[in-house]
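Report on one structure; see the data block that follows.
The values are calculated or read from the model by the stated rules, or taken from the named source; none is laboratory data. Remember, predicted model here, so these are calculated numbers, not experimental data. Counting neighbours? That spans all protein chains shown, and the Cβs are built from the backbone with ideal geometry, glycine included.
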Amino acid sequence: MHTLEDLNNGALAGAQAVRLVNLGLTEFPQALFALADTLEVLDLSGNQLSSLPEDLRRLHKLRILFCSNNPFTQLPTALGDCAQLEMVGFKACALTRVSERSLPAQLRWLILTDNQLAELPAALGQRPRLQKLMLSCNQLTTLPDLGNCKALELLRIASNRFQEIPATVLALPNLAWPAVAGNPLTANAEQTALAEAHHHAIRYDELEIGALLGEGASGHIHRATHTCSGQSMAIKVFKAAFTSDGTPQSELAAGLAAAGHPYLLAPLATVEGHPEGRLAVAMPLLPPDYINLAGPPSLASCTRDVYATDTRFTPTIAERLLGCIRGALKHLHARGILHGDLYAHNILWNPVTGEAVLSDFGAAMLSNTLPPADRALLQAIEWRAFAHLEAEIAARTSS
């Protein structure tokens, strides 16, 4: 992170990336223009900005801009004039309008999660480089025609107001990671699943909370022991009402419905009575020799996971790993569940045996109430994600 003092005294001269985060800024720092010949990544998240300068294009090398958690009500039109800008993040602002002039020609990754958008301009469908589009937790009922967005691979439209899945989504030729839960089209199924789970809930005061095991985008995970049964488990406590993929309620509904397969890290039960009123869920506790198969996508890789450079598989281990995940996916689809985030970074595996489990239901959805044709197309889309996983494993498998 940087400070205004760093910027104003010239300490950031020649910088390619500048992060002026949570500084209470109410105006765009004009001193940033002195970095026009080098600045490529700018993060202004967590401030009090509501506008950007009309001459933002002077930052002619700017490729990535984050302005999340600022009180913008409109996506600034100045963005559309930035010739190299390809990644735009305005999460959790107060956006009610996106103009076609706001969308850069080179747009590849757009994050507008957790705003108040009811519609999007047709021009969004005229951005052929668009690869990742995150629109969860808005008020959308329709999408513009995305038929020309043939590179689009990841789409998040969960927790909006869709009564049906837009045909433009189902026809995307390279879509592999959709998130659609939390809309009216899945509401009844989710409410039923959560109501059933309530009867088997664990009380928080029945748990002895232990060490922090990990932290993800949506919550903290602790080791825990059920004091009545002595059972060891993991407890995930959700951080907030919204995530990039949707809501914790949708995640819980799909995860609880998925239980019953050895290669799925599905919830055991909901946990009620958290002292801060937070949603929580009990999870199986994996042996310590299970590790993440890969890291999540980077700013550069966009939609593709990042593997450690020394990751290698023998043919036997690769076959075992993929067999576990293939079986888990078949189980989900048989129960009418779409995982939505079938990625290596959501797979935990034992490098010695190759045994693997699929985790993280943050983007999952219950699809049994959808038209059969839509459900079949969504499942085909998910198998496309599995094909990417197969290719990644094959590229790292010795002959």
(Q) Can you tell me how many residues within the stretch 50-106 are in contact (Cβ under 8 Å) with a residue 24 or more places away in the chain, in a loop (DSSP other than H, G, I, E, B) and aliphatic (A, V, I, L, M)? (A) 8
Q: Give just the number: which of (1) more than 30 Å from His198 (Cα to Cα); (2) not in a loop (DSSP other than H, G, I, E, B) does Asp310 not satisfy?
A: (2)
Q) Taking the stretch 321-355 as the search range and keeping residues that are of a type in the set (Val, Ile, Thr) and over 18 Å from the mean Cα position of the chain (by Cα), which one is surrounded by the fewest Cβ atoms within 10 Å (Cβ to Cβ)? A) Val352
Q | Members of the stretch 160-188 that are in contact with a Gly (Cβ under 8 Å, 6 or more places away or on another chain) and farther than 22 Å from Ala385 by Cα | A | Asn160
Q: Quick one: Ala380 ticks every box in (1) without any contact (Cβ under 8 Å) to a residue 24 or more places away in the chain; (2) within 17 Å of Gly255 (Cβ to Cβ) except a single one, so which number is it?
A: (2)
Q: Taking Leu140 as the residue in question, decide whether it is under 22 Å from the mean Cα position of the chain (by Cα) and more than 20 Å from Asn183 (Cβ to Cβ).
A: no
Q. Which of (1) of a type in the set (Asp, Glu); (2) closer than 27 Å to Leu133 by Cβ; (3) in contact (Cβ under 8 Å) with a residue 24 or more places away in the chain does Glu215 not meet, given it meets every other one?
A. (3)
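Within the bounds of the stretch 342-350, is there any residue that is over 21 Å from Pro297 (Cβ atoms) and either of a type in the set (Val, Ile, Thr) or part of a helix (DSSP H, G or I) (or both)?
No, the conditions are met nowhere in the stretch 342-350.
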Q. Within the stretch 88-101, can you find the residues that are closer than 13 Å to Ala122 by Cβ and either at pLDDT below 95 or surrounded by 19 or more Cβ atoms within 10 Å (Cβ to Cβ) (or both)?
A. Val98
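Determine whether Ile209 is of a type in the set (A, V, I, L, M) and over 27 Å from Asp341 (Cα atoms).
yes
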Q: Could you please tell me which pairs satisfy a Cβ distance under 9 Å, a separation of 6+ or placement on different chains, a first residue in the stretch 270-281 that is part of a loop (DSSP other than H, G, I, E, B) and modelled with pLDDT of 90 or more, and a second residue that is exposed (fewer than 15 other Cβ atoms within 10 Å of the Cβ) and not acidic (Asp, Glu)?
A: Gly273/Arg203
Q) When residues of the stretch 158-181 are filtered for being of a type in the set (S, T, N, Q) and touching a strand residue (DSSP E or B) at 6+ places or on another chain (Cβ under 9 Å), how many remain? A) 1
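Residues checked against (1) among the polar types (S, T, N, Q); (2) free of Cβ contacts under 8 Å to residues at least 60 places away in the same chain; (3) exposed (fewer than 13 other Cβ atoms within 10 Å of the Cβ):
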{"position": "Thr192", "(1), (2), (3)": "yes, yes, no"}
{"position": "Ala197", "(1), (2), (3)": "no, no, no"}
{"position": "His200", "(1), (2), (3)": "no, no, yes"}
{"position": "Leu207", "(1), (2), (3)": "no, no, no"}
{"position": "Ala211", "(1), (2), (3)": "no, yes, yes"}
{"position": "Ser229", "(1), (2), (3)": "yes, yes, yes"}
Q: Restricting attention to strands (runs of 3 or more DSSP E) lying wholly within the stretch 123-230, give those where 3 or more residues are more than 22 Å from Leu299 (Cβ to Cβ) and of a type outside the set (Asp, Glu).
A: 207-215, 219-226
